Amino acid sequence: MRADRQRLDKWLWFARFAKTRSLAARLIEDGFVRVNGQRADAPSKAVAVGDVITVAAQHVTAAVRVVDLGARRGPAPEARLLYADLSAESPAGVPPDEAG
């Protein structure tokens, strides 16, 4: 795989959307993950910086933009640096504290 891309299951695991890489793969295979609005068809799908990933978990749906590709599964503060949370923004794309 190219250096500017990473497997989707690996990125979800690094970003702590799944406890294990196999659980990340299962989320993808069961149809709970979209990349740029398209349902991800395989755990090996390549993602790049700027892609929008939507994960529909049991109790919450998260929409995030890939900011960085991980090199390891680190602590939660490090994992949060891999993405920008889009669900925290207003519909106009302006953070809620700046809308008005």
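Worth a mention:
- For the range 57-75, a residue qualifies if it is at pLDDT 95 or above and not in a loop (DSSP other than H, G, I, E, B), and the qualifying residues are Ala63, Val64, Arg65, Val66.
- Pair list, Cβ < 7 Å and 6+ apart or interchain, from the range 1-24 residues that are free of Cβ contacts under 8 Å to residues at least 60 places away in the same chain and within 12 Å of Gly70 (Cβ to Cβ) to residues that are small (Gly, Ala, Ser) and open to solvent by 20 Å² or more (accessible area, probe 1.4 Å): Arg7/Ser44; Arg7/Ala46
- Checking Val33 against (1) touching a strand residue (DSSP E or B) at 6+ places or on another chain (Cβ under 6 Å); (2) within 20 Å of Ala76 (Cα to Cα), the condition it does not meet: (2)
- Positions within the range 1-48 being within 17 Å of Ala62 (Cα to Cα) and in a loop (DSSP other than H, G, I, E, B), in sequence order: Ala15, Arg16, Phe17, Ala18, Lys19, Asp30, Gly31, Phe32, Asn36, Gly37, Ala40
- Every residue from the range 49-78 that is under 22 Å from Ala3 (Cβ atoms), among the aliphatic types (A, V, I, L, M) and touching a strand residue (DSSP E or B) at 6+ places or on another chain (Cβ under 7 Å): Val49, Val52, Ile53, Val64, Val66, Val67, Leu69
- Close Cβ contacts (under 8 Å, 6 or more residues apart or on different chains) running from residues in the range 68-81 that are within 16 Å of Asp9 (Cα to Cα) and free of Cβ contacts under 8 Å to residues at least 12 places away in the same chain to residues that are open to solvent by 80 Å² or more (accessible area, probe 1.4 Å) and among the small types (Gly, Ala, Ser) are absent.
- Per-region count, the range 1-24, residues of a type in the set (D, E, K, R) and surrounded by 16 or more Cβ atoms within 10 Å (Cβ to Cβ): 5
- Top-ranked residue in the range 25-55 [being acidic (Asp, Glu) and over 16 Å from Arg65 (Cβ atoms); ranked as least open to solvent (accessible area, probe 1.4 Å)]: Asp30
The values are calculated or read from the model by the stated rules, or taken from the named source; none is laboratory data. Here the structure is a predicted model, which means the values were calculated and not measured. Counting neighbours? That spans all protein chains shown, and the Cβs are built from the backbone with ideal geometry, glycine included. Just so you know, the surface numbers come from the protein's heavy atoms only, side chains and all, with ligands and any DNA or RNA stripped out. Shrake-Rupley method; radii C 1.70, N 1.55, O 1.52, S 1.80 Å.
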